[in-house]
Amino acid sequence: MTTPLAALALLQSYDPQVEHPGNGTFFVATVVKMLVVFAVTLGLVSLLTLAERKISAWIQDRHGPNRVGPGGLLQPVADGLKNFMKERVSPGFVYAPIFWLAPALAFVPALVSFAVIPFAAPLPTPWGLIPMVVADVPIGFLYILSISSLGVYGITLAGWASNNKYSLLGGLRSSAQMVSYEIAMGMSTIPILLLAGNVSLGAIIRQQAVTGWNVFALSVAFFVFMVAAFAETNRLPFDLPEAESELIAGYHTEYSGMAFAMFFISEYSAMITQSALMVTLFFGGWDIPFTSWDNEAPYSVLKSLATLASFGAKTLFFLFTFIWIRWTLPRFRYDQLMSLGWKVMLPVALAYIVIVATAILALDAAGVARGPLYGGILFAMNLVLLVILFVWLDRGRLISPASGRARAAEVARLRARAFEVRQGRRAPVAELAGEAAD
Amino acid sequence: MVRAYFPLLLLFGFVALNAGLILAIGALTVRSRPTPVKSQPYESGIAPLGDARERFSVKFYMVAMLFIIFDIETVFMIPWGVAFRQLSCAVALTPAGCPAGQVSFFGLSEMLVFIGILLVGFAYVWKKGALQWD
Amino acid sequence: MSLLYQVHFYLFGIIAVASALFFVTRKNPVAAALWLVNTMFALAALYVMLDAQFVGAIQVLVYAGAIMVVFLFVVMLLNLGQTDAPDFRTPGVRLGAAAVAVVMLAELLVLSRAGRIPEVAPSATPQTNVVAPVAELLFTEHLLAFEITSVLLLVAVVGAVVLAKRQRRA
């Protein structure tokens, strides 16, 4: 079979809505999937808090938590119990209704947004084919985009209701940051729509089974999306809303006990959703690479399990990346953060949309069929674009306006002074006092 | 089909219920013992001075307003992205794609006009220094 | 219309109306804004029930997620109710508001007469692509409106900058 025909057969063979389970089966399956996904998310969140500490310890060459349970494995349980036993401090001057509503407003969007992400190939059961997604809605990733745009409320309101200057600053910063990067995130997904022609995540996974993973066909979009995902989840290098060294704990300074834990849970579950979304949009979702065995009917339990493992492995990789980057990169300054979002990510995403649209038009005009060749040509184009972006436009500074802008002469002066101080020819304190007197 | 959205409704209810439960358990299990010092806002040990809810830099409103505008632009791009292949094909798409020789610039050019007009606004904002955070 | 459909229709309808009432009557402006978010949500659910799924998603994305955030921002930080802002509810404004309400009510009554609004039942077959039908109309038949929207957005951008800059100088 020639390549285009194979691709076509693949597209036709997979239609998740061929068989409709009855209403009873649908209801039972929904409840089961919902409970399982909810439990797995919460379980994963608690493991992630441990993983964060273990990985940071590993990166910094220390042991990390190792007292509770074997190898510190029960640490999350201890943390959870401690949070439950903590006194619920209700500070004076807070606006109580919103102060207590805010954690819930952060918690709900973070935990419901995973619902539309397909995590495995459909599962055949005696009662019909069950799609392995909590809610198989046709608006797919628009749902995630809308729901994650609601995450701003919890943080902003927590900061405002706390009546604490640090909290308010944290809340304000985060809302401006999250809305800025939401634009970049939205625009970086448009090239995917150009390729897939549908907003449903199932369709996007199918498209990647045909043209190859979008991370190759749309590398620049992936880069923009990943940066935006870090900013949306308030993770380092974009953790300004809770920058410990500047704002105590940012928007959740005044929270204690379970209310504090809820912010924590929502941050980590937002991380899980963003990782899963990156996997789904750019890494083929549950697709197993180099084979179309998993994408074609007939489905079996084995296929569902194998694809679930594939999805899980990819998602865990991105969760690891989130932690890895947190313990590797320093925090951006606020002006750098804003100019990165508006002056780099937005123009890059916009230009990329036009470039990809033109490329698709050219490939269609040249009569290249959707398939590995199509993806390969796009990948080659992306390599060129990445070189232009990072080697030529950015000149090795990694995102130009985000880098510090000290003048060369200033740097030279500071270096010379530091050298003199080290040589003992100049007292650092006296120097500073003299400068202040000027 | 509306049935597909039923799980979302169920999930929203379930998660909201959980959020309420977690907050309630936290409130019910442990007695709160407030003291005057404990109920002060924590500002690094310095006695809080005045109300925190002050007016803020207009920059934040600026960003928020620009966000709405560009968000709406993105919202227009979503349907364009979805329909792009059909829009850039002079005849109806076949399952194999656009028939040879029928590819048109219609889809691309209409978005280029849209983006072009908005780029004027973006350039204006940039030039005026509204994106500069100092 | 199935019973379940009707139950949900009234559920979301009541939530929307009740939240709107709370929005108008709450004294605290932030609480009021949050009730309005709730209204937007209920409206989105109603859109989805009318099979306008794309509009429903956009309703949440743009209204609940973007416009209301700005609204909340302004309400939160202008310290409404605590500053010396003059009460704009003068008798003239009240009369104007009442007049608008009456006109809207009359419009609703006229429109709800039989035959004005075609009855559309939600499709029984699942749609696989809910955006494409909207998109194909928007970018062919209503192309001019779409392009003019960009001019509208341009005006909004310029307006936002001009306003912010003027406030800064003052």
Report summary line: Within segment A:228-247, residues at pLDDT 75 or above and either outside any helix (DSSP H, G or I) or under 13 Å from B:Gly26 (Cβ atoms) (or both) come out as A:Thr233, A:Asn234, A:Arg235, A:Leu236, A:Pro237, A:Phe238, A:Asp239
Report summary line: Note on segment B:84-134: residues at the interface with another protein chain (Cβ under 7 Å from one of its Cβ atoms), under 11 Å from A:Asp364 (Cα atoms) and either assigned to a loop (DSSP other than H, G, I, E, B) or not aliphatic (A, V, I, L, M) (or both) are B:Arg85, B:Ser88, B:Ala96, B:Gly97, B:Cys98, B:Ala100
Query raised in the report: What single numbered condition from (1) modelled with pLDDT under 80; (2) within 8 Å of another protein chain (Cβ to nearest Cβ) fails to hold for C:Ala156?
Result: (1)
Query raised in the report: Restricting the search to segment A:32-67, which residues are farther than 20 Å from A:Trp327 by Cα, among the polar types (S, T, N, Q) and surrounded by fewer than 16 Cβ atoms within 10 Å (Cβ to Cβ)?
Result: none
Query raised in the report: Residues of segment C:131-153 being more than 9 Å from chain B (Cβ to nearest Cβ) and either touching a strand residue (DSSP E or B) at 6+ places or on another chain (Cβ under 6 Å) or assigned to a loop (DSSP other than H, G, I, E, B) (or both), which ones?
Result: C:Glu141, C:His142
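Using the structure shown, decide if A:Ile183 is modelled with pLDDT of 85 or more, over 26 Å from A:Val134 (Cβ atoms) and of a type outside the set (Phe, Trp, Tyr).
Answer is yes for this residue.
Given the criterion closer than 21 Å to A:Pro191 by Cα and free of Cβ contacts under 8 Å to residues at least 40 places away in the same chain, identify the matching residue among A:Leu340, A:Leu363.
On the way: A:Leu340 fails: free of Cβ contacts under 8 Å to residues at least 40 places away in the same chain.
A:Leu363 is the lone residue from the list that is closer than 21 Å to A:Pro191 by Cα and free of Cβ contacts under 8 Å to residues at least 40 places away in the same chain.
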Query raised in the report: Scanning segment A:138-184 for residues that are touching a residue at least 60 places away in the same chain (Cβ under 8 Å) and outside any helix (DSSP H, G or I), which turns out farthest from the other protein chains (Cβ to nearest Cβ)?
Result: A:Ser162
Query raised in the report: Here is a list of conditions, (1) in contact (Cβ under 8 Å) with a residue 40 or more places away in the chain; (2) on the phi < 0 side of the Ramachandran plot; (3) surrounded by fewer than 24 Cβ atoms within 10 Å (Cβ to Cβ), and A:Pro122 meets all of them except one; can you say which number that is?
Result: (3)
Query - Failed item, numbered, when A:Ala57 is tested on (1) part of a helix (DSSP H, G or I); (2) at pLDDT below 85; (3) more than 25 Å from A:Phe311 (Cα to Cα); (4) not acidic (Asp, Glu) - result: (2)
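From the list A:Thr358, A:Thr328, exactly one residue is surrounded by fewer than 18 Cβ atoms within 10 Å (Cβ to Cβ) and over 25 Å from the mean Cα position of the chain (by Cα). Which is it?
Result: A:Thr358 is the single residue among A:Thr358, A:Thr328 that is surrounded by fewer than 18 Cβ atoms within 10 Å (Cβ to Cβ) and over 25 Å from the mean Cα position of the chain (by Cα).
The values are calculated or read from the model by the stated rules, or taken from the named source; none is laboratory data. Keep in mind that what you see is a predicted model, and the values were worked out from it rather than measured. Note that each Cβ is placed from the backbone with ideal geometry, even for glycine, and that neighbours are counted across all protein chains shown.
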